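Encoded as structure tokens, the structure appears first; notes follow it.
The values are calculated or read from the model by the stated rules, or taken from the named source; none is laboratory data. Keep in mind the model is a prediction, meaning the values are calculated, not measured. For neighbour counting, all protein chains shown are included, and Cβ atoms are generated from backbone atoms with ideal geometry for every residue, glycine included.
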Protein chains: 6
Amino acid sequence: MPELASLSTTGAADALDAAEVAVLPTGSTEQHGPALPLGMDHLAAEAFAGAVADRPETIVLPTIPIGVSPHHMQFDGSLTVSDETFATFVEETVRSLAEHDLRKVVLVNGHGGNVGALGRATRSLRADEVAYAPTWNWWDAVDDVAEELFDEAGGHADAAESSLIWHLHEELVDPESLEDAEADGAEGWGETVHGAQVGFDTVDFTESGAVGAPTQASPEAGETLFEAAREELEGLLDWLAERPMDDCWQRAHR
Amino acid sequence: MPELASLSTTGAADALDAAEVAVLPTGSTEQHGPALPLGMDHLAAEAFAGAVADRPETIVLPTIPIGVSPHHMQFDGSLTVSDETFATFVEETVRSLAEHDLRKVVLVNGHGGNVGALGRATRSLRADEVAYAPTWNWWDAVDDVAEELFDEAGGHADAAESSLIWHLHEELVDPESLEDAEADGAEGWGETVHGAQVGFDTVDFTESGAVGAPTQASPEAGETLFEAAREELEGLLDWLAERPMDDCWQRAHR
Amino acid sequence: MPELASLSTTGAADALDAAEVAVLPTGSTEQHGPALPLGMDHLAAEAFAGAVADRPETIVLPTIPIGVSPHHMQFDGSLTVSDETFATFVEETVRSLAEHDLRKVVLVNGHGGNVGALGRATRSLRADEVAYAPTWNWWDAVDDVAEELFDEAGGHADAAESSLIWHLHEELVDPESLEDAEADGAEGWGETVHGAQVGFDTVDFTESGAVGAPTQASPEAGETLFEAAREELEGLLDWLAERPMDDCWQRAHR
Amino acid sequence: MPELASLSTTGAADALDAAEVAVLPTGSTEQHGPALPLGMDHLAAEAFAGAVADRPETIVLPTIPIGVSPHHMQFDGSLTVSDETFATFVEETVRSLAEHDLRKVVLVNGHGGNVGALGRATRSLRADEVAYAPTWNWWDAVDDVAEELFDEAGGHADAAESSLIWHLHEELVDPESLEDAEADGAEGWGETVHGAQVGFDTVDFTESGAVGAPTQASPEAGETLFEAAREELEGLLDWLAERPMDDCWQRAHR
Amino acid sequence: MPELASLSTTGAADALDAAEVAVLPTGSTEQHGPALPLGMDHLAAEAFAGAVADRPETIVLPTIPIGVSPHHMQFDGSLTVSDETFATFVEETVRSLAEHDLRKVVLVNGHGGNVGALGRATRSLRADEVAYAPTWNWWDAVDDVAEELFDEAGGHADAAESSLIWHLHEELVDPESLEDAEADGAEGWGETVHGAQVGFDTVDFTESGAVGAPTQASPEAGETLFEAAREELEGLLDWLAERPMDDCWQRAHR
Amino acid sequence: MPELASLSTTGAADALDAAEVAVLPTGSTEQHGPALPLGMDHLAAEAFAGAVADRPETIVLPTIPIGVSPHHMQFDGSLTVSDETFATFVEETVRSLAEHDLRKVVLVNGHGGNVGALGRATRSLRADEVAYAPTWNWWDAVDDVAEELFDEAGGHADAAESSLIWHLHEELVDPESLEDAEADGAEGWGETVHGAQVGFDTVDFTESGAVGAPTQASPEAGETLFEAAREELEGLLDWLAERPMDDCWQRAHR
């Protein structure tokens, strides 16, 4: 089914009638080191959404390309909105979709910084029985695959992300900078002192902006990751399409 | 200059250094009658932004594809966020850009319903001397051209919009439905009783969702409009690039 | 029927019982150039409300005398609240009226800067089926009359406004300053560059604060305008009084 | 000095230059029993403001006629906005005045329900060194006079209020209903159980809406009260005019 | 019944089943002069709550130890949240309790600065028929007792408060500083000029932070106060337990 | 140094002078299965704060006993405030402390659901250079110790939590119910479908409310955990006390 934005209102009437699930891609525009594009996270989300757009019972909403990235603002080109604004924007978008009586949505998310806000939006939508809209983070769906492919702690602009975007948008990756990304980067996310996270911004612990082992990246690994994740997403969409609406709502008090 | 999202953070450093002006495309996803795609308004904004992306001193931000469309919600497929949320999302996005010291922005807008929110965002940004970010509505820039081309009051999914999107995305227009759009549409926007606007929603005054004379549309007229508007936008970008920053800020109390 | 504020609660019980429609006057306190009083907009609204106060089925609420005027703050004496605060104040006022089961209201408005906020209040009230409260801007109701009387683009403290207040409050007009108002004023509203509104504040495009041709003003023209507008308002009140409540509410999804 | 709303912007320039203090009248539109007008509280505030309007160093702002009255909503004709909205409206109004560099304001208040909100507005204005704006409640200024005149606990639409409005607006008082007001009213405010206020709304403890002994009211007593309070207000304005601005601001940490 | 926080969820199930009323202690952490602990107000509230915790039909919630104290911030150690935040925190806490179907709550309050916020929370909870939650201020419940015991106007860290905390937490009182507290303190609350409260912060009118006659304090007087107040609280809890739920809700429009 | 609430304002002056770091304990009141008290999380935080209260350069603030627990509301006795309210309450509390010029704070946190809100508060405080306030979650500080002690995935009311509270408050634990907790509980947190978290509430995946292997708990293990964690906290406090304030603030744009 084509993307919602491509349909006329009469076309959308039919599409919404046939649809069981909607997909809302969310990401960010923020630094991903010297080798990867700022759009990494929303391009990934958009690609996954595009990959399921031909499913007859799935309808794809426009991508929200800016996310919650205050911790990247010291790096050139990073954009951000606040956690609260992002949560509200997503929640209101899904509420408006639900006015057309489509109440199952997968938030296909490409950015870790969005997760808290998406969780609050999703909880509010369920509590009001407006929509059931779980978040799907592509990296969570394929962490076992990534573990097989790479030897890294990672977390940002790492081998997994670099591979994925290399596969999706070769023209936006600068392979020669992967070395720099890793050399001036960090091995793992954050800076922990006696159990407390004391580095709040990426710049606190990585000079290049990358966290992980991007030199291990390859477009082939990216394809493996992408296909594995796409399959998981399809599985989730099937599961959600078949799940009775009543089972989706918040359970009653015990 | 390529779009911001396509650049790495190091590429963005150079691009931001060279840039004088940024462009933020805003639109909506909402009914545009039976012949035009729901994405009409953000696709138009995106196209204008894309058309100036090769200017060396202009940097293009990602498109915000959902806007303020509560008055279209009775039509299938329309999405909306609230006026307040949209204003905040745009304002915060521009604030984050300004952290990289680029403080001149044109809000390239494709949707009339966004205008109030954009105006408030823009005022707040100027009052705080964060950024000077005037709104550019493509239809305002070429109202004289449209008047020459078409004989319509118009206002929504009309001959002007139909022509523009026909030129930009022929594959998304259903020319055979333009007749229906017009036949079941309204001639002018709204429903006025003794000087008061009493129709708040499009459905109050148009059955098809269109307002105007879409049957007068043609891809050629669309091209004329697009080129004329693009030229105006270039003129605006030139003017803004050259305007001293200090002249952009709010004037002092008289 | 006397104004609501003049009635006791027992008197109000009867009045609300008899009433079909309420009138809420809204305006501003802001510069209107050297010749007209700062209260221009709320005095106009109050005058129109007063002119229909003797209608048995109409009840007049107190005037909200301060409005949305951030764009006039460089001129002495201008007051303002934010767009959001004004919208909320008006909406809550109408919500409280509706608790007495009077759900048809005309927002008799004297200030263009209030229009966006009133529109949002009005939409929210209708969506919740609390009240149907269209905005009535006096100048919209008599634009044809004004066009006949004056040769001006106008827009603020112009011939139309000057005439109206001259008719209503001769003692508050300084006719000798109309010349200055016009000489140091602007012909039309705003400052447009390649289709973009780049002047956000009045001070950006008018030194006197006036926009239009105030020297064409006369108290006689003001009377003509006032009577014409009053008649339109009465027409609107009649129309609204007779309109079935159910026809006032938001239409269902198509 | 005439009221601000009566001045042109050039007149206001002079007036603001000469002014030491501004007066912002605040009240409500809410039930005051069967004998007194709903506008009681804002009419009283307006009258006190009017009584000091001829002082050369005092400038009078427009009256805010609707206040915080949720506890009166069961009585016909009562209007209300929320405590938060009222506080913000007042605070923003004073902030806008302060842009013209007049930073001493007396909030001449006629309604007890506004006191909390005014206090918060006033604190915020002082903390930011925008304006020093103490609240003046007329009844607090003359509680000793009222105690001499009447034998009542009172609190709402009582002998003091009835007398005051009788003196100010004889035409709006229905003396024959004072008996009913008292007979079906309460002696003192609220309903206390073991030290807790358990009656949140007026209707919880008074059938007529009045609290006190309105039958003791007379226009003569009203005049006494009014003159005594006016004198206090003049004293306050003198004191404030002379107080160095620096002494008005919040003290530093000890 | 033990405090809620001490129970397991299964224990709470039984306790909530048996409970008729909940108690939510609220206070502050703010200066109480040189002799009393900063925790005075929440320790008092906690003590009263503890004193009724063994009542089988009463359930005690955790103490909220920080309150609305912006007016004490010049004194070392004072903490505060805003009035709005405190009101929301309390309201949401009670809303969550009500999800377990316990809808009668006494807000056992130890701090005067909280009263406005508690009142708004309480009104909102009642209006939505979520919970009936009157505020109980211990000093209001025993003002007659205090009047018998002490000769003071008082108001803060006075003889009454000093006595109470002396009785409750002897180890936290420094009796030798009571002299200083009084010598450098104020007799009554605030600074009134012509009927207006012009002192917004404690530091405006008391050097020591105390207001009243703390040297009259004694632990014996504290015990008398405590026992008298506890008795009143028990009376209130009895009254509330027996009051039909329907009588608790807001009355309908007259 | 005693807790802040135990000090008088003069005592606090000395304590604040000597203090390098403050500790703010935060937790929740929410179900922890049939064996553990609802107060688990705030009691743990309070215990850790208490354990460092005797350090001369550390000052302990009152415990905030209610947190962000919407996902536990189907279980009896759970209380919650919203994520936004909790974040604001904590942020404002720390802002008020900073007015006394103590700007290093450790948020000693006992509840996972608070982490997002604490992170936002902490970011805002740092961005404004008001305070540097990292969050310390006790379980993060000793995850290696817990891994040695227990064989569980865990996550809520598990062996680690059960042991800790058993050590701290033996009287509040019902060891006989640990079996039930585990039998009707879940092994790991949440319910994942194809990489998406689809269980938003605890009740979605655990009948008892527990997640993990509570039967492995013992007070001895609790002591081990407590001492290990206390040591980490002391290490963090030392580190923070010695860290130059300037190193704590957000880094500049690269």
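Quick test for you: out of B:Thr122, B:Thr85, B:Thr135, pick the one residue that is closer than 22 Å to A:Ser28 by Cα and not acidic (Asp, Glu). First the steps, then the outcome.
Working: B:Thr122 fails: closer than 22 Å to A:Ser28 by Cα; B:Thr135 fails: closer than 22 Å to A:Ser28 by Cα.
On inspection, the qualifying residue turns out to be B:Thr85.
So in region A:113-126, with the set limited to residues that are in contact (Cβ under 8 Å) with a residue 40 or more places away in the chain and surrounded by fewer than 23 Cβ atoms within 10 Å (Cβ to Cβ), which one is farthest from the other protein chains (Cβ to nearest Cβ)? Talk me through it step by step, then tell me what you get.
If we filter region A:113-126 for residues that are in contact (Cβ under 8 Å) with a residue 40 or more places away in the chain, which is where we start, we get A:113-114, A:116-118, A:126.
After this cut, where a residue has to be surrounded by fewer than 23 Cβ atoms within 10 Å (Cβ to Cβ) as well, the list is A:113, A:116, A:126.
Working: A:Gly113: 10, A:Gly116: 4, A:Arg126: 6 Å.
In this case the residue turns out to be A:Gly113.
Give the residue that is modelled with the highest pLDDT, with candidates limited to residues of region F:182-197 that are under 11 Å from A:Thr135 (Cα atoms) and in contact with a Ser or Thr (Cβ under 9 Å, 6 or more places away or on another chain).
Among those that are under 11 Å from A:Thr135 (Cα atoms) and in contact with a Ser or Thr (Cβ under 9 Å, 6 or more places away or on another chain), it is F:Ala196.
From the list E:Ala5, E:Ala22, exactly one residue is in contact (Cβ under 8 Å) with a residue 40 or more places away in the chain, surrounded by 24 or more Cβ atoms within 10 Å (Cβ to Cβ) and within 17 Å of the chain's Cα centre (by Cα). Which is it? Explain how you work it out, then say what you get.
Numbers: E:Ala5 fails: within 17 Å of the chain's Cα centre (by Cα).
Within the list E:Ala5, E:Ala22, the selection yields E:Ala22.
What residue, of B:Asp180, B:Asp246, is assigned to a helix (DSSP H, G or I), more than 30 Å from C:Leu233 (Cβ to Cβ) and without any contact (Cβ under 8 Å) to a residue 40 or more places away in the chain?
Values: B:Asp180 fails: without any contact (Cβ under 8 Å) to a residue 40 or more places away in the chain.
Among B:Asp180, B:Asp246, only B:Asp246 is assigned to a helix (DSSP H, G or I), more than 30 Å from C:Leu233 (Cβ to Cβ) and without any contact (Cβ under 8 Å) to a residue 40 or more places away in the chain.
Among F:Gly212, F:Gly222, F:Gly155, F:Gly188, which is small (Gly, Ala, Ser), surrounded by 23 or more Cβ atoms within 10 Å (Cβ to Cβ) and in contact with a strand residue (DSSP E or B) (Cβ under 7 Å, 6 or more places away or on another chain)?
Values: F:Gly222 fails: in contact with a strand residue (DSSP E or B) (Cβ under 7 Å, 6 or more places away or on another chain); F:Gly155 fails: surrounded by 23 or more Cβ atoms within 10 Å (Cβ to Cβ); F:Gly188 fails: surrounded by 23 or more Cβ atoms within 10 Å (Cβ to Cβ).
Just a single option satisfies the conditions, and that option is F:Gly212.
Look at region E:1-40 and say how many of its residues are β-branched (Val, Ile, Thr) and more than 7 Å from chain F (Cβ to nearest Cβ). Full working, then the answer.
Of region E:1-40, the ones β-branched (Val, Ile, Thr) are E:9-10, E:21, E:23, E:26, E:29.
Next cut, more than 7 Å from chain F (Cβ to nearest Cβ) only: E:21, E:23, E:26.
Result for region E:1-40: 3.
Restricting the search to region F:187-217, which residues are of a type in the set (S, T, N, Q) and out of contact with any helix residue (DSSP H, G or I) (no Cβ under 6 Å at 6 or more places or on another chain)? Outline the logic, then answer.
Taking region F:187-217 first, the residues of a type in the set (S, T, N, Q) are F:192, F:197, F:202, F:206, F:208, F:215-216.
F:Thr192, F:Gln197, F:Thr206, listed by residue number.
So, in region C:52-80, of the ones that are β-branched (Val, Ile, Thr) and within 22 Å of C:Val106 (Cα to Cα), which residue ends up farthest from the other protein chains (Cβ to nearest Cβ)? Walk me through how you get there before you give the answer.
The first filter runs over region C:52-80 and keeps only residues β-branched (Val, Ile, Thr), leaving C:52, C:58-60, C:63-64, C:66, C:68, C:80.
Add one more test, that the residue is within 22 Å of C:Val106 (Cα to Cα), and what stays is C:52, C:58-60, C:63-64, C:66, C:68.
Details: C:Val52: 12, C:Thr58: 14, C:Ile59: 9, C:Val60: 11, C:Thr63: 7, C:Ile64: 7, C:Ile66: 6, C:Val68: 10 Å.
Among those that are β-branched (Val, Ile, Thr) and within 22 Å of C:Val106 (Cα to Cα), it is C:Thr58.
For region D:56-67, check the following and say yes or no: at least one residue is surrounded by fewer than 24 Cβ atoms within 10 Å (Cβ to Cβ), touching a residue at least 60 places away in the same chain (Cβ under 8 Å) and farther than 18 Å from D:Arg243 by Cβ. Even if it seems obvious, please write down each step before you answer.
If we filter region D:56-67 for residues that are surrounded by fewer than 24 Cβ atoms within 10 Å (Cβ to Cβ), which is where we start, we get D:56-57.
With the extra rule that they be touching a residue at least 60 places away in the same chain (Cβ under 8 Å), the set shrinks to D:57.
Now narrow it down to the ones that are farther than 18 Å from D:Arg243 by Cβ: none.
No.
Within the group F:Thr80, F:Thr9, which residue is farther than 19 Å from F:Leu240 by Cα, hydroxyl-bearing (Ser, Thr, Tyr) and touching a helix residue (DSSP H, G or I) at 6+ places or on another chain (Cβ under 6 Å)?
Working: F:Thr9 fails: touching a helix residue (DSSP H, G or I) at 6+ places or on another chain (Cβ under 6 Å).
Sole residue among the options that is farther than 19 Å from F:Leu240 by Cα, hydroxyl-bearing (Ser, Thr, Tyr) and touching a helix residue (DSSP H, G or I) at 6+ places or on another chain (Cβ under 6 Å): F:Thr80.
Please specify each residue of region E:203-227 satisfying the condition of being within 10 Å of chain D (Cβ to nearest Cβ) and part of a helix (DSSP H, G or I). Let's see the steps before the verdict.
Going through region E:203-227, the residues within 10 Å of chain D (Cβ to nearest Cβ) turn out to be E:203-204, E:207, E:209.
Scanning region E:203-227 gives E:Val203, E:Asp204.
For the structure I just gave you, tell me whether E:Glu99 is charged (D, E, K, R), more than 26 Å from F:Leu102 (Cβ to Cβ), at pLDDT 95 or above and crowded, with 23+ Cβ neighbours inside 10 Å.
Details: charged (D, E, K, R): yes; more than 26 Å from F:Leu102 (Cβ to Cβ): yes; at pLDDT 95 or above: yes; crowded, with 23+ Cβ neighbours inside 10 Å: no.
Spelling it out, it is not the case that E:Glu99 is charged (D, E, K, R), more than 26 Å from F:Leu102 (Cβ to Cβ), at pLDDT 95 or above and crowded, with 23+ Cβ neighbours inside 10 Å.
For region F:132-143, which residues satisfy the criterion of being out of contact with any Lys or Arg (no Cβ under 7 Å at 6 or more places or on another chain) and over 22 Å from F:Met40 (Cβ atoms)? Write out each step before concluding.
Narrowing region F:132-143 to residues out of contact with any Lys or Arg (no Cβ under 7 Å at 6 or more places or on another chain): F:133-143.
Once the filter is applied, which keeps residues that are out of contact with any Lys or Arg (no Cβ under 7 Å at 6 or more places or on another chain) and over 22 Å from F:Met40 (Cβ atoms), region F:132-143 yields F:Ala133, F:Pro134.
Taking region C:209-254, which residues are under 21 Å from C:Glu20 (Cβ atoms) and of a type in the set (Lys, Arg)? So that I can check it myself, show each step before the final result.
First, pick out the residues of region C:209-254 that are under 21 Å from C:Glu20 (Cβ atoms): C:229-250.
C:Arg230, C:Arg243, listed by residue number.
Quick one: is D:Val106 β-branched (Val, Ile, Thr), closer than 20 Å to D:Leu236 by Cα and part of a helix (DSSP H, G or I)?
Values: β-branched (Val, Ile, Thr): yes; closer than 20 Å to D:Leu236 by Cα: yes; part of a helix (DSSP H, G or I): no.
No, not satisfied.
Which of the residues spanning region B:159-178 are in contact with a helix residue (DSSP H, G or I) (Cβ under 6 Å, 6 or more places away or on another chain) and closer than 13 Å to B:Ser208 by Cβ?
The answer is B:Ser162, B:Leu178.
Residues checked against (1) within 30 Å of A:Glu191 (Cα to Cα); (2) hydrophobic (A, V, I, L, M, F, W, C); (3) under 14 Å from the mean Cα position of the chain (by Cα):
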position: A:Ala45; (1), (2), (3): yes, yes, yes
position: A:Ala49; (1), (2), (3): no, yes, yes
position: A:Asp54; (1), (2), (3): no, no, no
position: A:Thr58; (1), (2), (3): no, no, no
position: A:Thr63; (1), (2), (3): no, no, yes
position: A:Val68; (1), (2), (3): yes, yes, yes
position: A:His72; (1), (2), (3): yes, no, no
position: A:Asp76; (1), (2), (3): yes, no, no
position: A:Leu79; (1), (2), (3): yes, yes, no
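Run down B:Ala117, B:Ala146 and say which single residue is at pLDDT 95 or above, over 13 Å from the mean Cα position of the chain (by Cα) and in a helix (DSSP H, G or I). Break it down stepwise before answering.
On the way: B:Ala117 fails: over 13 Å from the mean Cα position of the chain (by Cα).
Answer to the check: B:Ala146.
Given (1) crowded, with 24+ Cβ neighbours inside 10 Å; (2) facing chain B (nearest Cβ under 7 Å); (3) more than 28 Å from A:Ala210 (Cβ to Cβ), identify the lone condition not met by A:Val94.
Of the numbered conditions (1) crowded, with 24+ Cβ neighbours inside 10 Å; (2) facing chain B (nearest Cβ under 7 Å); (3) more than 28 Å from A:Ala210 (Cβ to Cβ), the odd one out for A:Val94 is (2).
Just the residues that are of a type outside the set (Lys, Arg), within 18 Å of D:Ala53 (Cβ to Cβ) and under 17 Å from the mean Cα position of the chain (by Cα), please, taken from region D:214-239. If you could, list the steps in order and put the result at the bottom.
Keep residues of region D:214-239 that are of a type outside the set (Lys, Arg), which gives D:214-229, D:231-239.
Filter once more, keeping what is within 18 Å of D:Ala53 (Cβ to Cβ): D:226-227, D:229, D:231-238.
D:Phe226, D:Glu227, D:Ala229, D:Glu231, D:Glu232, D:Leu233, D:Glu234, D:Gly235, D:Leu236, D:Leu237, listed by residue number.
In the set E:Asp140, E:Asp174, which member is under 28 Å from E:Val90 (Cα atoms), surrounded by fewer than 20 Cβ atoms within 10 Å (Cβ to Cβ) and either in contact (Cβ under 8 Å) with a residue 60 or more places away in the chain or within 10 Å of chain D (Cβ to nearest Cβ) (or both)? Give the derivation first.
Values: E:Asp174 fails: under 28 Å from E:Val90 (Cα atoms).
After applying the criteria, what remains is E:Asp140.
Out of A:Leu164, A:Leu102, report the one residue that is of a type in the set (A, V, I, L, M), closer than 23 Å to A:Val52 by Cα and within 14 Å of the chain's Cα centre (by Cα).
Working: A:Leu102 fails: within 14 Å of the chain's Cα centre (by Cα).
Every option except A:Leu164 fails the conditions.
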